[in-house]
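The structure under discussion appears below in the form of C-alpha cells.
The values are calculated or read from the model by the stated rules, or taken from the named source; none is laboratory data. Everything quoted here is computed from the prediction, not taken from an experiment. Neighbour counts are summed over all protein chains in view; Cβ atoms, including those assigned to glycine, are modelled from backbone coordinates with ideal geometry. Calculation scope for accessible area: heavy atoms of the full protein, side chains included, ligands and nucleic acids excluded. Shrake-Rupley method; radii C 1.70, N 1.55, O 1.52, S 1.80 Å.
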Amino acid sequence: MLNYFARRLLTMILTLVVISVLVFVIIQLPPGDYLSTYIAELESQGEMVDKDKIEFLRQQYGLDKTPVEQYFHWVAGLVQGDLGYSFEHSLPVSEVVGDRLLLSMVLNFSTILFIYIVSFPIGVYSATHQYSWGDHGLTLLGFLGLATPNFLLALILLYLANIWFGTSIGALMSDEYIGQPWSWGKALSVLEHLAVPVIVIGTSGTAGMIRRLRANLLDELQKQYVTTGRAKGLPPGRLLVKYPLRMALNPFVADIGNMLPQVVSGSVIVSAVMSLPTTGPMLLRALQSQDMFLAGSFLIFLALLTVVGMFLSDLLLAALDPRIRLSGGMRR
Amino acid sequence: MSDTLQHFVSREPFDIQDIERLTPEQERYYMASQWRMMWWRLKKHKLAVTAGIILLASYLSIVFVEFLVPYELQTRNTDFIYAPPQQVHLFHDGEFVGPFVYGYRYHLNMEHLKRVYEEDTSKVQPIRFFCTGDPYEFWGLFEADFHLICPAEGGTLFLLGTDRLGRDMASRLVYGGRISLTVGLIGITLSFMLGITIGGAAGYFGGWVDNAVQRVIEVLRSLPELPLWMALSAALPVTWSPILVYFGITLILALLDWPGLARAVRSKLLALREEDYCSAARLMGASPTRIIGRHLLPNFMSHLIASATLSVPSMILAETALSFLGLGLRPPVTSWGVLLTEAQNIEAVALYPWLLMPMVPVIITVLAFNFLGDGLRDAADPYD
C-alpha cells in the first residue's frame, strides 16, 4: 500500500508540474505582455502612465527576464501561496478571489456527493428491475439528461424561475450574508442555495453514472455464482448486496476520474451563467480582459482540484480493492 | 422385434452438393462484404436511421442556406424589433387561402415601455414560394435574390420572431447551422487525424513512444476541458479576422479532443501488431505508415468512425458554450452559440422567450449524433 501511495503521489506531482508549464504557456500566449497592452490602452486614452508603477510591476513579474526564469519565478510564488497580481483589479490575486475558491470547492464537492447519492439507488433499481416501466422511464430521463448541456439547462431554469417566481435564482447565499464573515447562518444559507446549481451541474454526470452502474450490475447479476446463490436459497436482498453489488461498486467509484473534470468544467460554465460567486464568472471575466495572471491562477486551482480529487479517489479505491494495491498498476 | 422396418427409397435424383448449397438469402448474407452487413444492421436500428436522415438533411441545408430562408443574415427590420413569432395559418374566415400569416398591430405600452405586438386578423399575408426577395450573396460568390419562401409583398414572415435589431430569428438560426455544424465536422476530422497518428505511433512502436504518449494522455484527461478551452480561445489574438478565429477555435477544440480516440487506436494496435500478417508485411519491407494505414487500421475503422460520431456533440456543445460566453466566435460570424448570447440577459428572455430558440437545434443535433453513434457502434460488429 505504501509503495502504491508513493508511486501515485509521484505521478500526481509530475502531472501538476506539466500542468503548470501548460498554464504558463497559455498565460504567455497573447501577443505582448499585459503591461504593454495596459500602457498602450492608457496612452490611447491620453492618460499619463505612472512610470514607477510600471517599473514596480515589471520587477514583480520579472517581465524583463527570459521566459524560463519567469516560469520559475511564477511557480515559486504559487507554491508560497502568492497567486500573482491582477492587473485589472490592481490588487494581488489572493485578495481578489476572496472566498471564491472555498465556495468552488464546496460546490464541486456537493455535486459529486449529489451524483453518487442519486445515481446509486436509481442504478440499482434499474438493474434489478430491467425492462420494467420504471427502468424505461429512467433510461429515457437519463438520455435527456445526457443530451441537455448544463449551461442551457441553467438558462432554462433561470427563465422559468423568472416567470414563475419573478426572482433570480442565481446566487449562492442570501443577500444579507454577502461580504460577511463566515457563520452558521451563512453556511446554512449557502447550503440552501446550493440545491439548484448542484442539480444543474450534476444532471449529466448522474445520468452517466446510472447507465454505468446499471450495466456493471447487470453483468454481475448474470454470472453463475448468483444463480448458485439463488439455488441455495439465499434471500434476494442478501443475494444482491453480498457479492454482485460489491463487484459493481468498484467501477462506480473508479469512474470519478472521468467525472471530476466534467463536473469542474460544468461548474465553471454554470457558475458563469448563473453568476454564482465562485471561480467561474471571475475566470471568464479575467479571460475576456486577458488578465492572464488571474486567469492562470484560477486554471491552476481548477486543475489542482481535479488532480487532487482523483488522487484521493485512487487511494480510496486502492483501499477498497486489493487487486489495485497489490499489482501497483494505475487504474484505467 | 421381428417385423422389419418399412423400407423407403426416394426416387428423386440425388445431388451430393444439395446439403451444402445455400438458399439465395443465405448466399446473399454470406457473400456480403463487411460494410454491406453493417449497413443492414444499421437499417434495423430505426432511431439511428431517423437521426441519420435528420443530420443528412441539416448538413445538406448548409449548402443552400441563402436560398432556403426568407431573410438575409443581417437584414434589419427596424419597425419590428422583438416581434413575436408569427403563426402559419391555412384558413381565413373559414375559407381556404393556403399558408399565410397575419400581420402585426403594434403599439408601445407607455406604462412599461414594452413593445406590444398583436395579431391583426384583417391583414392576411400569404407566404410566397420560389420568389424573389431579400438580395444576398450566395456563399459570397455571386449576387442573387431568389428564395424558397418569402413574405408577402410589403408583409413580414417572422416564424420565430425577431431579435433586438429586428433580424429574423428563423433565418439566422439556419445560417447559424452553417457554422455550428461545420465546427463539429472539421474539428472531429482534425482530432481524428491527430488521434490516429499519435495513437497509431504509440501502439505500433510501443516502448518509450508509447510511454510518453500515455503520460500526455493522462495529463490531458485529468484536466477540466472547458476552462482550458476558454483560456486557449481567449488567447487567440484579437486582431484575427473572423474566418481565422473560426479555424482557430476548431483547432483548439481538436487539440484537446484526440486523447480518447488515440487511446482506442493504441490499445487495438498493441494487440494487432503481433498478428502474423503484420509480421509478414514487415518482412516484405513495408514501411510502418503503410502497415498501420493499410493493414491494421481497416480492422477497426468502423469502431473508430462510431466513436468519432459520438464525440462530435461535445465539440458542437463546446463551441456553443464558448461563443455563448463571448470567448468563441464573434459576430458577424453567426453560430448557434453566438445567437444564444442574446439570451444572456435573463430579463430580456423573460419578455421575449423566443430568444432561447437556438437551444432547440443544438439539443436536436446533439441527440441525433448520439443516436446515430449508438446505432453505428452496434453495427460496427456485424458478425456477432
Where Lys and Arg each count +1 and Asp and Glu each count -1, what net charge lies around residue A:220 among other residues with Cβ under 12 Å from its Cβ? +3
Along the Cα→Cβ direction, 7 angstrom out, place labels at residue B:280 and residue A:21. What is the inter-label distance in nm? 4.3 nm
Report the label-to-label distance for residue B:31 and residue B:216 in nanometres (one decimal), using points 7 Å from each Cα along the Cα→Cβ vector. 4.8 nm
Region A:97-320, Rg to Rh (Cα coordinates; Rh as Kirkwood inverse mean 1/r): 1.05
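Which value, in Å², gives the accessible area per residue of region A:97-320 when a 1.4 Å probe is used on the protein heavy atoms?
I get 45 Å² per residue for region A:97-320.
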Result row for chain B, helices from DSSP H with C-alpha axial extent 15 Å or more and mean Kyte hydropathy at least 0.5, is B:46-63, B:169-205, B:242-272, B:301-325, B:359-379
Entries in A:232/B:44; B:44/B:268; A:242/B:43; B:43/B:268 that, when Cα-Cα distance is taken, lie over 31 Å: A:232/B:44; A:242/B:43
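Given a 1.4 Å probe, how much area per residue of chain B is accessible, in Å²?
Per-residue value: 53 Å².
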Once you've got the GNM for chain B with C-alpha springs shorter than 10 Å, pick whichever of B:365, B:239, B:50 has the biggest mean-square fluctuation. B:239
log₁₀ I(q)/I(0) of chain B at q = 0.08, 0.09 Å⁻¹, via Debye over equal Cα point scatterers, no solvent, to two decimals? -0.60, -0.71
Distance in nm between residue B:360 and residue B:271 label points, each 7 Å along Cα→Cβ, equals 4.5 nm
On complex formation of A with B, accessible surface lost, both sides summed, probe 1.4 Å, nearest 100 Å², amounts to 3500 Å²
Could you give the length gained on full extension between residue A:66 and residue A:312, defined as 0.36 nm per residue of separation minus the Cα-Cα distance, in nm? 84.9 nm
Run the accessible area of region B:86-157 with a 1.4 Å probe and give the carbon-and-sulfur part as a rounded percent. 57 percent
So what are the ³J(HN,Hα) numbers for region B:76-86, from phi and the Karplus equation (6.51, -1.76, 1.60; θ = phi - 60°), rounded to whole Hz, Gly and Pro as x? 9, 10, 5, 7, 10, 8, 6, 6, x, x, 9
Taking the Cβ-Cβ separation of residue B:112 and residue B:153 as r and a Förster radius of 35 Å, what is the calculated FRET efficiency to the nearest 0.05? 0.55
Do any trypsin sites (Lys or Arg not before Pro) in region B:264-369 lie in a DSSP loop with no more than 10 other beta carbon atoms within 10 Å, and if so, which? none
Report, by chain and number, residues whose modeled amide H sits under 5 Å from the one on residue B:128, excluding near sequence neighbours (fewer than 5 apart, same chain). B:150, B:152
Additional length obtainable on full extension of the chain from residue B:124 to residue B:105, 0.36 nm per residue less Cα span: 5.6 nm
Please give the calculated 222 nm ellipticity per residue for the protein assembly as shown, where each DSSP H segment of at least 4 residues contributes -39500 (n - 2.57) and the sum is spread over every residue; nearest 500 deg cm²/dmol? -21000 deg cm²/dmol
Could you name every residue in region B:308-335 that has 20 Å² or more less accessible surface in the full protein assembly than in its own chain alone (probe 1.4 Å, ligands and nucleic acids excluded)? B:317, B:321, B:324, B:325, B:327
Cysteines in the protein assembly as shown lacking a second Cys C-beta under 4.7 Å: B:278
What is the extension gain from residue A:136 to residue A:2, computed as 0.36 nm multiplied by their sequence separation minus the C-alpha to C-alpha distance, in nm to one decimal? 43.7 nm
For residue B:123, list the lysines whose Cα falls under 28 Å from its own Cα; do not include residues on the same chain fewer than 8 positions away. B:114
Could you calculate the FRET efficiency of residue A:129 with residue A:232 from 1/(1 + (r/R0)^6), where r is the beta carbon distance between them and R0 is 41 Å, rounded to 0.05? 0.95
Counting pairs of Cα atoms in the protein assembly as shown, how many percent are more than 37 Å apart? 51 percent
Which of the lysines could a cross-linker span from residue A:65 if the Cα-Cα distance has to be under 23 Å and same-chain partners fewer than 8 positions apart are dropped? A:51, A:53
Reciprocal of mean inverse Cα separation for region B:1-76 (Kirkwood radius, Å): 19.2 Å
In whole percent, and with a 1.4 Å probe on the protein chains, what portion of the accessible area of region B:171-383 is carbon and sulfur? 67 percent
Of all the accessible heavy-atom surface of region A:97-320, with the other protein chains kept in place and a 1.4 Å probe, what percent is carbon and sulfur? 68 percent
Which residue fluctuates most in the GNM of chain B (Cα springs below 10 Å): B:86, B:26, B:74? B:26
Would you look at the GNM of chain B, springs on alpha carbons closer than 10 Å, and say which of B:321, B:262, B:271 moves the most? B:271
Which positions within region B:343-364 get 20 Å² or more of their accessible surface covered by the other protein chains, compared to the chain by itself, with a 1.4 angstrom probe? B:346, B:350, B:353, B:356, B:359, B:363
Which positions within region A:138-152 get 30 Å² or more of their accessible surface covered by the other protein chains, compared to the chain by itself, with a 1.4 angstrom probe? A:143, A:147, A:149, A:151, A:152
Which lysines have a Cα less than 20 Å from the Cα of residue A:186, not counting those fewer than 8 places away in the same chain? none
Under 1.5 on a/c is rounded, so check that first for region B:86-157, then, if it is not, pick prolate when a/b is larger than b/c and oblate when it is not; a ≥ b ≥ c are the square roots of the alpha carbon gyration tensor eigenvalues. oblate
